[in-house]
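First comes the structure, then the notes that go with it.
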Amino acid sequence: MNTLNTLFGEKKAKAKKLVFKSVDEYPEVPLTLGTTLINFTGDWRTFIPIVDESKCVKCYICWKFCPEPAIYIKEDGYVAIDYDYCKGCGICANECPTKAITMVREEK
Amino acid sequence: MPKKVVSGNYAAAYAAKHARVEVVAAYPITPQTSIIEKIAEFIANGEAEIQYVPVESEHSAMAACIGASATGARAFTATSAQGLALMHEMLHWASGARLPIVMVNVNRAMAPPWSVWDDQTDSLAQRDTGWMQFYAENNQEVYDGVLMAFKVAEHRKVNLPVMIIESAFILSHTYDIVDMPPQEEIDEFLPPREPLYTLTDFDNPIAVGALGTPADYYEFRYKIEKAMEEARRVIKEVGKEFGEKFRRDYSQMIELYKTDDAEFIFMGMGSLMGTVKEAVDLLRKEGYKVGAAKVRWFRPFPKEELYKLAKNVEGIAVLDRNFSFGQEGILFNEAKGVLYNTDAHPIMKNYIVGLGGRDFTVSDIKTIAKNMKEIIERGKLDREIEWYHLKR
């Protein structure tokens, strides 16, 4: 499995998650509770997309189709998936014309 | 004090101006239209500095008020019936985001059949949106209600929106004397808003309406209910202060009229209670020991006051100008619910009156009084819900 082209975990490791232990600790209004700087939508994923660079032709169709968007183009021209926010919808794998992206059940 | 002869709608418009509202976003609908026309006139004449946002629907009107209120502005709107129903989704957003918006709703019957006349079902159908609701008996109460509404809504422990409700045509288009205090005194009573948060603090950016997962949503609902409980206290406090400043006391959430020695009472909301008070005076001359209880605030519901009242009377005739299909009149339903777990159990009967603007007069109230007296003497209800005007 090629997991080198990923930013997975970097932001998450730095993030300070909001945890409220009692009702008094909550703010009066639901403000800024759920920004994605502290809540990682990638946690919702069941299947994880894996990119095989040997098959990638750098067409960027996956990059265009990703609804998040959680796909980035790296300096070397290949694509990277931001696993902090990839929800595992599989659209990229479905659209990839060379089948360079495969969806694999993620062990948690 | 300066007095003006104005319609209920103009009373609402003057109150919005005197409350120094900063943003008005509204869409016209009969019988509300003359409120926002009057506000537009104030702006056109340079009498008020208000940002007026003409919108394409009531849903957008409330959305614009929410946006304005979230920047810290004092926002106001007005609507009726179908327009209020179209706002429904945004009403939840306003209370959920804890924004002290004030809206005047002119009670109008829901269609079909198409109607523009008085009926409380439109506002009562918004019961569970987290808005406070105040029912005005006359034009003066529309005016006073709007001024108090901002003060209650913006209280730091409340921060919830308020709906001020008046009757279609009976108040909205009927002219009456309204006492309007000098602007300096109103400014003293209602200082500028101190918002709980503001979208325009660019050094501290915030997101409003954030996602609340099952781990957090529950606590925020509880906080709204705590604010409603606080509002009960704040309403009385503000009502008392209003009375001290302007000589019209609103410290009671239920206005009691000759209830002290009453055998039974009439309970209801809005303009019909003016007629009821008139009828109470006449009935007392005929030897009936009757009184009237006008429920001013429907949300938060005045539980304590109702209990104290119910403990001392033998019967309550609940007059509902509204109906919840499949159940009963909405005020009747609420009142019975409040008393169930108490030791106050007067005989209660529900009279469905005045739907869609059907005339409800002093002679109707006399007929109801006769019926109530018989019920109390017999100690047993004839029927629980009476469709009083029904042609049989």
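Give me the angle, in degrees from 0 to 90, between the Cα long axis of helix B:8-18 and the longest principal axis of the Cα atoms of chain B, rounded to the nearest 10.
40 degrees
Return one whole number: the accessible area per residue of segment B:254-387 in Å², for a 1.4 Å probe.
42 Å²
Ordering B:187, B:144, B:359, B:176 by accessible area with a probe of 1.4 Å, largest first, what comes out?
On the way: B:187 50, B:144 0, B:359 115, B:176 70 Å².
The residues order as B:359, B:176, B:187, B:144, largest area first.
What does the charge add up to near residue B:164, with Lys and Arg as +1, Asp and Glu as -1, over the other residues with Cβ less than 11 Å from its Cβ? Let's see the in-between values first.
Working: positive: B:296; negative: B:141, B:144, B:166.
That sum, taken over residues with Cβ under 11 Å, equals -2.
What number, rounded to the nearest 500 deg cm²/dmol, is the helix-based mean residue ellipticity at 222 nm of chain A, given -39500 (n - 2.57) per DSSP H run of at least four residues and division by all its residues? Show your work: numbers first, answer last.
Values: 3 runs with 15 residues, N = 108.
It lands at -2500 deg cm²/dmol.
Report, in whole Å, the centroid distance computed from the Cα atoms of segment B:55-90 and segment B:270-325.
32 Å
Read phi for every residue in segment B:140-156 and hand back ³J(HN,Hα) as whole Hz from Karplus 6.51 cos²θ - 1.76 cosθ + 1.60, θ = phi - 60°, with x for Gly and Pro.
With the stated coefficients, segment B:140-156 comes to 4, 5, 5, 4, 4, x, 5, 4, 5, 4, 5, 5, 5, 4, 8, 4, 4 Hz.
Pop out the carbon and sulfur fraction of the accessible area of segment B:256-298 as a percent, whole number, probe 1.4 Å. Present the calculation step by step, with values, prior to reporting the outcome.
Working: 650 of 1450 Å².
About 45 percent, which is the carbon plus sulfur part of the accessible surface.
Take the alpha carbon atoms of segment B:198-282, find their radius of gyration, then divide it by 2.2 N^0.38 Å using N residues; give the quotient.
Values: Rg = 21.1 Å, N = 85, 2.2 N^0.38 = 11.9 Å.
That ratio works out to 1.77.
Under the rule a/c < 1.5 gives rounded, and otherwise a/b versus b/c splits prolate from oblate, where does segment B:128-199 land using the Cα gyration tensor? List each step's numbers first, then the result.
Working: a/c = 3.18, a/b = 1.38, b/c = 2.30.
Oblate shape, in that a/c is at least 1.5 and b/c is the bigger or equal ratio.
Projected area of segment B:3-246, taken from the Cα convex hull and averaged over every viewing direction, in nm²? Spell out each step's value before the answer.
On the way: hull surface 53.4 nm².
For segment B:3-246, averaging the hull's shadow over all directions gives 13.3 nm².
Taking only the alpha-carbon positions of chain A and ignoring solvent, what does the Debye formula give for the base-10 log of I(q)/I(0) at q = 0.12, 0.20, 0.24 Å⁻¹?
One equal scatterer on each Cα of chain A leads to -0.47, -1.01, -1.35.
Determine the total buried accessible area between chain A and chain B, counting protein heavy atoms only with a 1.4 Å probe; round to the nearest 100 Å². Don't jump to the answer; show the numbers that get you there.
Working: alone 7490 and 17100 Å², together 23200 Å².
What A and B bury together is about 1400 Å².
Hey, can you find the accessible area per residue of segment A:10-105 for me, probe 1.4 Å, expressed in square angstrom?
Details: 5720 Å² over 96 residues.
Normalised by residue count, the accessible surface of segment A:10-105 is 60 Å².
With just the Cα atoms defining each centre, how far is segment B:187-210 from segment A:33-108? Give it in Å.
Segment B:187-210 and segment A:33-108 have Cα centres spaced 39 Å from each other.
Size of the dipole of segment A:10-105 about the Cα centre, Lys and Arg at +1 and Asp and Glu at -1 on the beta carbon, nothing else charged, in debye to 20?
Numbers: 14 positive and 13 negative charges, 46 e Å.
Computed about the Cα centre, the dipole is about 220 debye.
Calculate how many DSSP beta bridges within the protein assembly as shown are antiparallel, expressed in % of all such bridges and rounded to the nearest 5.
Numbers: 19 of 59 bridges.
Here the antiparallel bridges make up roughly 30 percent for the protein assembly as shown.
How far, in degrees from 0 to 90, does helix B:81-96 lean away from the longest principal axis of the Cα atoms of chain B, to the nearest 10?
So the helix axis and the longest Cα principal axis differ by about 60 degrees.
Between helix B:272-285 and chain B, what is the angle of the helix's C-alpha long axis to the longest principal axis, kept within 0 to 90° and rounded to the nearest 10?
Roughly 30 degrees, rounded to the nearest 10.
Counting only heavy atoms of protein chains, what accessible area per residue, in Å², does segment B:3-246 have with a probe of 1.4 Å?
Details: 9620 Å² over 244 residues.
Heavy-atom accessible area per residue stands at 39 Å².
Tell me the mean residue ellipticity at 222 nm calculated for chain B from its helices only (DSSP H runs of n ≥ 4, each -39500 (n - 2.57), averaged over every residue, nearest 500).
Working: 12 runs with 160 residues, N = 392.
Value at 222 nm, helices only: -13000 deg cm²/dmol.
Please provide three numbers in whole Å: the alpha-carbon extents of segment B:254-387 along the principal axes, with the largest listed first.
35, 34, 28
The values are calculated or read from the model by the stated rules, or taken from the named source; none is laboratory data. Owing to the predicted nature of the structure, the values given are computational and were not obtained by experimental measurement. Positions of Cβ are generated from backbone atoms using ideal geometry, with glycine treated the same way; all protein chains shown enter the neighbour counts. For the accessible areas, the whole protein counts, side chains as well, though only heavy atoms, and no ligand, DNA or RNA atoms are used. Shrake-Rupley method; radii C 1.70, N 1.55, O 1.52, S 1.80 Å.
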